[in-house]
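Structure record follows, encoded as structure tokens.
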Amino acid sequence: MRLHALTGDDPRDVLRTLRGALHGAGPALGLGLVGEPPSEVPAGTAVVMTTSGSTGVPKSVVLSRDALISSAMATADRIGSGAWLLALPAAYVAGLQVLVRALVADREPAVLSGRFTPEAFASAALTMTSSSGGRPVPTYTSLVPAQLNRLLDAAETDPAVGKALRSFERILVGGQALPTAALERAEAAGVRLVRTYGATETSGGCVYDGAALRGVSVRVFAGEVQIAGPTLAEGYLGEPDRTAAVFAVDRDGTRWYRTGDAGLIDDALLRIHGRIDNVIVSGGINISLDRVEKAVRSVPGLASAVVVGVDDARWGEVPVVVASRGEALRRSESVQFEEARGVVADRIGAHARPARLVLVDEVPLLPSGKPDREAIRAAVASLH
């Protein structure tokens, strides 16, 4: 099957190619591909999407038509069907699925063009009013927590933003954990939220408010959250070994996606409590703390620094550099911090820049001599 790789993320271009891919009439859609894309992909492929994944290293996820459509139909089964507003980048799976849901519902999606602002969001949302058979058509959208917080802040002084938020039948929020304070603010403002959990490998969110969507199975095996069902990706393009390692097959033939998340099932609801690996999700983007730490340690005076992830009201989690005061003060603290941010931006990207530099008298160590990351993380969190 042919692959049409887009170099940009213009929603109109994505929608045009996606429409043909889902109908089986056009080439598969390639988004964010790194290097020279292949001309052919497996039959049945609708989208090949590059993601930073749980390791922070790019990988190309192969999503079939059946997986994407199954996800959209399961969402409609849970929250209803209607008109969708795209307020996320179309090149990310959460944005892509907004377009898929709209196409499956046979409705043209509304698109928030340009830079995301509360004013632009309100304007787009309040023009979506329509009816069918004399009944209002429900509207839906999908956001990340940082967007939601910004909208809730704006709603306090701009009634139009509050009205826009309340106009949606449901607003899906995912990409990272939603802080309890934000959930309570939204509920107090009359906003109907659904917290979603999933990954590119599961065609986006597949667990809503802790409960798996129709057809999706969730288990916690050896402390790791694993997912099965019709929404799973085919694997990673051109990487059979990685595919086999991440998509495990049981003796009974059930195929499970190993999320890398630690969690538990409590009262039939899935609860996530961190990563098995050393990765955080900040503003909906996976950041490998190992890669950030390696970059930071190249800065003079920070050779033994440790990078941990801490909770942040806006971004969910952010990287924080912790270093020994005795080592770090050989140079100006502010200079070191800015150099660390610059190095990380150059090597990984601006999204991974540390939020703070914290100096301590002594970095806690384990008996093995390795940094005690849990103690360091707790100490940084206590500073709030």
Study note, to complete from the structure: Checked 234, 224 against criteria (surrounded by 15 or more Cβ atoms within 10 Å (Cβ to Cβ) and at pLDDT below 95); the one match is 224
Study note, to complete from the structure: So, first residue without any contact (Cβ under 8 Å) to a residue 60 or more places away in the chain in segment 193-211, second residue among the charged types (D, E, K, R) and in a loop (DSSP other than H, G, I, E, B), Cβ within less than 8 Å, six or more apart or across chains; the pairs are 195/209
Revision key, fill the gap. Looking across segment 124-142 at residues that are part of a strand (DSSP E or B) and at pLDDT below 95, the single one that is nearest to residue 166 (Cα to Cα) is 136
Review point. Can you name the residue in segment 76-101 that is part of a helix (DSSP H, G or I) and touching a helix residue (DSSP H, G or I) at 6+ places or on another chain (Cβ under 6 Å) and is also surrounded by the fewest Cβ atoms within 10 Å (Cβ to Cβ) among such residues?
Key: 99
Revision key, fill the gap. Residue 294 passes all but one of the listed conditions (1) of a type in the set (D, E, K, R); (2) under 25 Å from residue 92 (Cβ atoms); (3) touching a Lys or Arg at 6+ places or on another chain (Cβ under 9 Å); the exception is number (2)
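Taking segment 248-272 on its own, how many of its residues are over 24 Å from residue 209 (Cα atoms) and of a type outside the set (Ser, Thr, Tyr)?
Initial filter on segment 248-272 (over 24 Å from residue 209 (Cα atoms)): 248-254.
This time we only want the ones that are of a type outside the set (Ser, Thr, Tyr), so: 248-253.
Matching residues across segment 248-272 total 6.
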Review point. Taking residue 297, is it more than 27 Å from residue 147 (Cα to Cα), at pLDDT 85 or above and surrounded by fewer than 21 Cβ atoms within 10 Å (Cβ to Cβ)?
Key: yes
Exercise for review: Identify, by number, the condition in (1) at positive phi; (2) at pLDDT 90 or above that residue 56 doesn't meet.
Suggested key: (2)
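Quick grid of which residues meet (1) assigned to a strand (DSSP E or B); (2) in contact with a His (Cβ under 8 Å, 6 or more places away or on another chain); (3) surrounded by fewer than 20 Cβ atoms within 10 Å (Cβ to Cβ):
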| site | (1), (2), (3) |
| --- | --- |
| 122 | no, no, no |
| 149 | no, no, no |
| 163 | no, no, yes |
| 166 | no, no, yes |
| 175 | no, no, no |
| 178 | no, no, no |
| 181 | no, no, yes |
| 187 | no, no, yes |
| 196 | yes, no, no |
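Mind checking which residues of segment 336-350 are small (Gly, Ala, Ser), without any contact (Cβ under 8 Å) to a residue 40 or more places away in the chain and closer than 25 Å to residue 325 by Cα? Outline the logic, then answer.
Of segment 336-350, the ones small (Gly, Ala, Ser) are 340, 342, 345, 349-350.
Now restrict to residues that are without any contact (Cβ under 8 Å) to a residue 40 or more places away in the chain: 342, 345, 349-350.
Correct list: 342, 345.
Look at residue 157 and say whether it is surrounded by 16 or more Cβ atoms within 10 Å (Cβ to Cβ), free of Cβ contacts under 8 Å to residues at least 24 places away in the same chain and of a type in the set (Ser, Thr, Tyr).
Against the criterion (surrounded by 16 or more Cβ atoms within 10 Å (Cβ to Cβ), free of Cβ contacts under 8 Å to residues at least 24 places away in the same chain and of a type in the set (Ser, Thr, Tyr)), residue 157 does not qualify.
Residues are listed down the side, and each one gets a yes or a no for (1) touching a helix residue (DSSP H, G or I) at 6+ places or on another chain (Cβ under 7 Å); (2) within 29 Å of residue 360 (Cβ to Cβ):
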position: 256; (1), (2): no, no
position: 269; (1), (2): no, no
position: 280; (1), (2): yes, yes
position: 290; (1), (2): no, yes
position: 294; (1), (2): no, yes
Point to revise | Residue check, residue 258 modelled with pLDDT of 90 or more and either in contact with a Leu (Cβ under 8 Å, 6 or more places away or on another chain) or not in a helix (DSSP H, G or I) (or both) | key: yes
Check your understanding: How about segment 22-51: which of its residues are part of a helix (DSSP H, G or I) and farther than 19 Å from residue 86 by Cα?
Key -> 23
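Table: residues versus (1) among the hydrophobic types (A, V, I, L, M, F, W, C); (2) touching a residue at least 40 places away in the same chain (Cβ under 8 Å).
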| site | (1), (2) |
| --- | --- |
| 4 | no, no |
| 11 | no, yes |
| 26 | no, no |
| 30 | no, no |
| 38 | no, yes |
| 47 | yes, yes |
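The values are calculated or read from the model by the stated rules, or taken from the named source; none is laboratory data. What you are looking at is a predicted structure, and each value in this text was computed from that prediction instead of being measured. For neighbour counting, all protein chains shown are included, and Cβ atoms are generated from backbone atoms with ideal geometry for every residue, glycine included.
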